[in-house]
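What follows is one structure encoded as structure tokens, with my remarks underneath.
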Amino acid sequence: MEFVQLTTSEFTNFANTSEVSSIFQTVSWAKLKSNWESYTVGVKDENEVIAACLILCRKVPMGFRFAYAPRGPLLDFNNVDLLSYFMKQIKLFLRSKKVLLAKFDPNLLLDEIPFEEKDKVASIKNDNCIQLFKTAGLKHCGYTLAIKDTIQPRIQLSFPIDENCDERIPSKTMKKVRASYKKNVVIKLEHDSKSLVKMVHCTEQRHQIKLRNENYFNAILDSFENDACVLAGYYEEQLISACLLVKCNNTTEILYSGYDDTYKHYNSTYPLRYESIQWAKDNGCKEFSFGGVEGTLDDGLTMFKSSFNPLIHVFIGEFDMLPYPVLSKITQLFYPYLKKYVM
């Protein structure tokens with residue numbers, strides 16, 4: 001085995017065939033995160049790529065760096081020797097780049113369960129798997145449940161797509177979808193972010209939060225090209241809701257969404273999600289991700305998402321890599337403050 005820096009095409013070709021691929025381990029995502037340095041590294045065996053990882057780096061004070069591998073690395077996690085070799089080589093590589101702390105967030109699913117079994121979520125663990133990563137030099141950040149505790153949510157809702165997927169959507173939900181159509185709500189496919197920006201602004205005002213701006217949304221559409229779009233809901237030409245979809249291989253993710261509370265009684269978010277699933281299906285996907293949810297699984301947004309009868313996906317969570325034994329441990333203690341600086 002040989003640790004190498006991969007070319008863009010080598011990384012993309014491997015990522016496109018990986019069973020643990022995601023939109024976050026793509027060259028498109030690296031392009032989007034242009035304010036980060038990006039590296040594509042991997043392992044070759046007899047000149048064939050058998051593992052890969054996109055790593056993003058940002059400068060922190062005193063000339064050091066913070067690194068993040070979103071939903072990485074990509075490899076067969078059952079291959080213990082490969083995992084150990086790859087992570088140890090990455091550690092040496094990151095040390096050469098003066099990285100004090102690195103976060104890894106493998107796209108490793110511990111379990112998927114029906115939503116009605118949500119009470120089981122907190123008990124889903126795999127300590128044997130955690131031990132494999134520990135042997136490879138990583139420290140698990142815990143079986144977190146709150147969205148704020150990780151960069152990518154550990155608990156997500158996902159809807160499987162096949163020819164009969166419409167039949168899995170509960171009749172009560174489909175009734176709301178049809179009722180919204182009857183109120184003359186129309187869903188339109190768009191390729192710019194203007195509608196999304198307006199609806200996200202409504203969300204910002206409603207919850208007193210700050211999300212992304214128009215430049216960022218346009219950058220997503222530009223980076224993913226035909227694999228990204230905006231769906232917008234209208235009532236008599238009045239914009240009332242919108243969402244941003246991005247596709248990678250067999251999965252479509254909804255990254256951002258918003259609606260105008262003034263028109264809430266039109267329930268446009270129901271046909272918006274329904275047609276998002278249809279867009280994923282039309283584009284050959286086998287899965288539609290509703291995105292992350294709080295581990296309590298009892299808030300209003302989660303209950304809305306659950307009305308489509310998705311599965312709960314429980315991921316393994318984040319790991320820390322400490323390239324410098326002493327300095328990295330100190331940095332780890334200050335990570336909550338560092339996160340605000342780099343994210």
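The values are calculated or read from the model by the stated rules, or taken from the named source; none is laboratory data. All values reported here derive from a predicted model rather than from experimental measurement. Heads up, the Cβs are rebuilt from the backbone with ideal geometry, glycines too, and the neighbour counts pull from every protein chain shown. Just the protein is used for accessible areas: all its heavy atoms, side chains included, with ligands, DNA and RNA removed. Shrake-Rupley method; radii C 1.70, N 1.55, O 1.52, S 1.80 Å.
Computed quantities for the displayed model
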{"item": "Loop-located GluC sites (Glu not before Pro) in the stretch 231-321 whose Cβ has at most 16 other Cβ within 10 Å (DSSP)", "result": "E236, E237, E294"}
{"item": "Sum of side-chain charges, Y341 neighbourhood, beta-carbon under 11 Å (Lys, Arg +1; Asp, Glu -1)", "result": "+4"}
{"item": "Alpha-carbon centroids, the stretch 39-95 and the stretch 241-281: separation in whole Å", "result": "33"}
{"item": "Cross-link reach list, aspartates and glutamates versus K247, counting only Cα pairs under 17 Å and skipping chain neighbours closer than eight places", "result": "E19, D162, E190, D192, D222, E225, D227, E275, D282, E287"}
{"item": "Residue-wise HN-Hα coupling along the stretch 30-44, computed from phi with Karplus coefficients 6.51, -1.76, 1.60 (Hz; x: Gly, Pro)", "result": "5, 5, 4, 8, 5, 7, 10, 6, 10, 10, 10, 10, x, 10, 10"}
{"item": "For the stretch 197-343, accessible area per residue (1.4 Å probe, heavy atoms of protein chains only), Å²", "result": "46"}
{"item": "With every protein chain in place, the chain: carbon and sulfur % of accessible area (1.4 Å)", "result": "49"}
{"item": "Mean separation of Cα contacts under 8 Å, 6 or more apart, over the residue count of the chain: relative contact order %", "result": "23"}
{"item": "Estimated Rh, the stretch 1-94: Kirkwood, alpha-carbon pairs, angstrom", "result": "13.5"}
{"item": "Surface accessible to a 1.4 Å probe, per residue, for the residues of the stretch 110-155, Å²", "result": "57"}
{"item": "Nearest 10 degrees, 0 to 90: helix 80-96 Cα axis against the chain principal axis", "result": "80"}
{"item": "Quarter of Cα convex hull surface for the stretch 11-167, i.e. mean projection, nm²", "result": "11.6"}
{"item": "Computed over the stretch 172-268: relative contact order in percent, which uses C-alpha pairs under 8 Å that are six or more apart", "result": "34"}
{"item": "Helix-derived mean residue ellipticity, 222 nm - over the chain, DSSP H n ≥ 4, -39500 (n - 2.57), to 500", "result": "-10000 deg cm²/dmol"}
{"item": "Tail beyond 19 Å, pair distance distribution of the stretch 80-194 (Cα, percent)", "result": "68"}
{"item": "Count, lysine Cα pairs under 23 Å in the stretch 1-98, 8 or more residues apart or across chains", "result": "16"}
{"item": "12 Å beta-carbon shell around F86, net charge (K/R +1, D/E -1)", "result": "-1"}
{"item": "For the chain, the spread of Cα positions along each principal axis, largest first, Å", "result": "61, 38, 38"}
{"item": "Those residues of the stretch 36-80 whose amide nitrogen sits under 12 Å from the label point placed on L327, 7 Å along Cα→Cβ", "result": "60-66"}
{"item": "Quotient of Cα Rg and 2.2 N^0.38 Å for the stretch 140-279, N being how many residues it contains", "result": "1.10"}
